[in-house]
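What follows is one structure encoded as structure tokens, with my remarks underneath.
The values are calculated or read from the model by the stated rules, or taken from the named source; none is laboratory data. Here the structure is a predicted model, which means the values were calculated and not measured. With ideal geometry, Cβ positions are generated from the backbone for all residues, glycine too; neighbour counts draw on all protein chains shown. Just so you know, the surface numbers come from the protein's heavy atoms only, side chains and all, with ligands and any DNA or RNA stripped out. Shrake-Rupley method; radii C 1.70, N 1.55, O 1.52, S 1.80 Å.
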Amino acid sequence: MFNKWHLLKACLVLAPGFAAAGTLYETQAASNVTDTTARLNGNAQSSVGVSGEFFFWGTSPDNLNKSGVANPQGVQGPVTLDVSGLNCATTYYFKFLGDPKPPFPTVQGEVLSFATAACKPAVGTGTSYQSVAATNITSSSAQLNGFARSIYGVSGTRFVYGPTTSYGNTALTSQQGVQGPQSATISGLNCGSVYHYAFQGDAKPPLATVQGKDLSFTTQPCTNTVVGFTGPFAADKWLTGSNSPINLVDFSAMPERAVLRNYQPWYQSGAVMEIPSMPYSGRVTFSYTVSNVTDSCPPGYMINNVMTSLPLSDGNAQVNVRAGEAFRITLNGSASDMICRLPGVQATFSIYNFRFTAN
């Protein structure tokens, strides 16, 4: 498939004598992959400079819930990020993003994947039971995964799980006595809830036995649609911020409405409301009204620090989001300065008819 990403790449990469007008953040294959570490790679090219380069990664292409700053910043060419603390024997997905450079087109990196190496016992141990990321998660069930390895053989492999790290429930694996990948499917879970789990097994002396560490997952939402600022989008789920001495984000009319303002006495001010990590993938829609907004103080939204300005008149917005992404509604000058330049004028951005529909 030859889409706009491939077209811009062709202009920027394949024609070195031609100064294409645009910016390309290209995800490249991971390297130096071990059982717990990897190096993420990307390449940044632009006719107008690059900035704000980040890598995002996770165990699902729809849940890139971890991020890190690419190195070096603001330099065209190869960039990297070394990540650690990964789960062994697990597939990870990642992509490379950076700040858009209007008015020219910006193409963000595609999602790539890599698999960490097989699990192995820690030095000085004879048996290792390692927790691996859960899969096949629904609103009421999930598949718990682990990896067992021992010089003595394994037995009694099981998962402990529950709403806290006290667990309270046990599920035996379906691969008793088998070294390598292990799993158990659990059901009867509450929708839209966080569950903790750990993979365990029988100790095998005389050498040490290492039990699996705690991991967690969130079941799918109770319904496909959340109406209004309720549930995972209630007032207490949003972080708010501004650079003024007073709060510029008004939640007094929630769950029906939220209002963002600038700070009229100051030359520069701005406001933002943020869900730091979207709990699910899906679509956000809302209606809005505005007053006294300008090109230097526009209404808008941001996903992972990439800002989209909305028209400077009353309207409706629709935004596709992925689980783990940071989602912000903003009254700001730009993604980089977070400040409206509107001295002596009161601007407002009122959001209503908020709705989230899960994929």
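What to note about this one:
- Between Ser31 and Asp214, the modelled label-to-label distance comes to 3.8 nm, taking each label 7 Å out from Cα in the direction of the beta carbon.
- Rounded to the nearest 0.05, the FRET efficiency derived from the C-beta distance between Ser47 and Asp236 at R0 = 56 Å is 0.80.
- The mean sequence separation of alpha-carbon pairs under 8 Å and at least six residues apart, normalised by the residue count of the stretch 245-294, gives a relative contact order of 24 percent.
- A cut-off under 14 angstrom between Cβ atoms defines the neighbours of Leu239, and their net charge, with Lys, Arg +1 and Asp, Glu -1, is 0.
- Seen from every direction in turn and averaged, the convex hull around the alpha carbons of the chain projects onto 21.1 nm².
- Relative contact order of the chain, pairs being alpha-carbon contacts under 8 Å that are 6 or more residues apart, as %: 13 percent
- Amide H contacts under 5 Å for Tyr263, placed H, 5+ residues apart: Ser269, Gly270
- Residue of Cys222, Cys340, Cys297 that the Gaussian network model of the chain assigns the largest fluctuation, springs spanning Cα pairs under 10 Å: Cys222
- Among the protein heavy atoms of the stretch 219-319, carbon and sulfur supply 50% of the accessible surface, probe 1.4 Å, non-protein parts ignored.
- Residues whose amide H comes within less than 5 Å of that of Cys119, counting only those at least five positions distant or on another chain, are Ala89 (H built at 1.01 Å from N in the peptide plane).
- Among the chymotrypsin sites (Phe, Trp or Tyr not before Pro) in the stretch 134-242, those located in a DSSP loop and surrounded by at most 16 other Cβ atoms within 10 Å of their own Cβ are Tyr152.
- Backbone HN-Hα couplings from phi across the stretch 200-209 [Karplus 6.51/-1.76/1.60, Hz, Gly and Pro as x]: 9, x, 5, 5, 10, x, x, 6, 5, 10
- Taking amide H atoms as placed 1.01 Å from N in the peptide plane, the amide H of Tyr280 lies under 5 Å from those of Gly324, each 5 or more residues away in sequence or on another chain.
- Taking label positions 7 Å along the Cα-Cβ direction at both Asn136 and Tyr152, the computed distance is 3.2 nm, reported to one decimal.
- Additional length obtainable on full extension of the chain from Gln176 to Ser193, 0.36 nm per residue less Cα span: 3.2 nm
- Value at 222 nm in deg cm²/dmol, rounded to 500, when DSSP H runs of n ≥ 4 in the chain each add -39,500 (n - 2.57): -1000 deg cm²/dmol
- Our coupling estimate for the stretch 52-64, obtained by passing each phi through the Karplus curve with A = 6.51, B = -1.76, C = 1.60 and θ = phi - 60°, is x, 7, 9, 10, 10, 8, x, 8, 9, x, 9, 9, 7 Hz, Gly and Pro reported as x.
- Extending 7 Å from the Cα toward the beta-carbon at both Gln143 and Phe104 defines two label points whose distance is 4.5 nm.
- If R0 is 45 Å, the Cβ-Cβ spacing of Asn316 and Arg39 corresponds to a FRET efficiency of close to 0.60.
- DSSP bridge orientation in the stretch 100-196 - percent antiparallel, rounded to nearest 5: 100 percent
- Local electrostatic count, Gly282, Cβ distance below 13 Å [Lys/Arg +1, Asp/Glu -1]: +1
- What the phi angles of the stretch 280-290 give under the Karplus curve with 6.51, -1.76 and 1.60, with θ = phi - 60°, is a coupling list of 9, 8, x, 10, 9, 10, 7, 9, 8, 10, 9 Hz, glycine and proline written as x.
- Residue-normalised accessible area of the chain, given per residue in Å² at a 1.4 Å probe: 45 Å²
- Selected from Pro298, Ala323, Leu312, residue furthest toward positive end of dipole (the stretch 282-346; charges at beta carbon): Ala323
- If R0 is 41 Å, the Cβ-Cβ spacing of Asp82 and Ser287 corresponds to a FRET efficiency of close to 0.40.
- Heavy-atom accessible surface of the stretch 59-184: percent carbon and sulfur, 1.4 Å: 53 percent
- Two-decimal Rg to Rh for the stretch 239-313 - Kirkwood Rh, Cα set: 0.94
- Surrounding net charge for Val48, when Lys and Arg each add one and Asp and Glu each subtract one, Cβ distance under 13 Å: 0
- Given charges at Cβ of Lys, Arg, Asp, Glu: the chain dipole, positive-most of Gly188, Thr230, Thr23: Gly188
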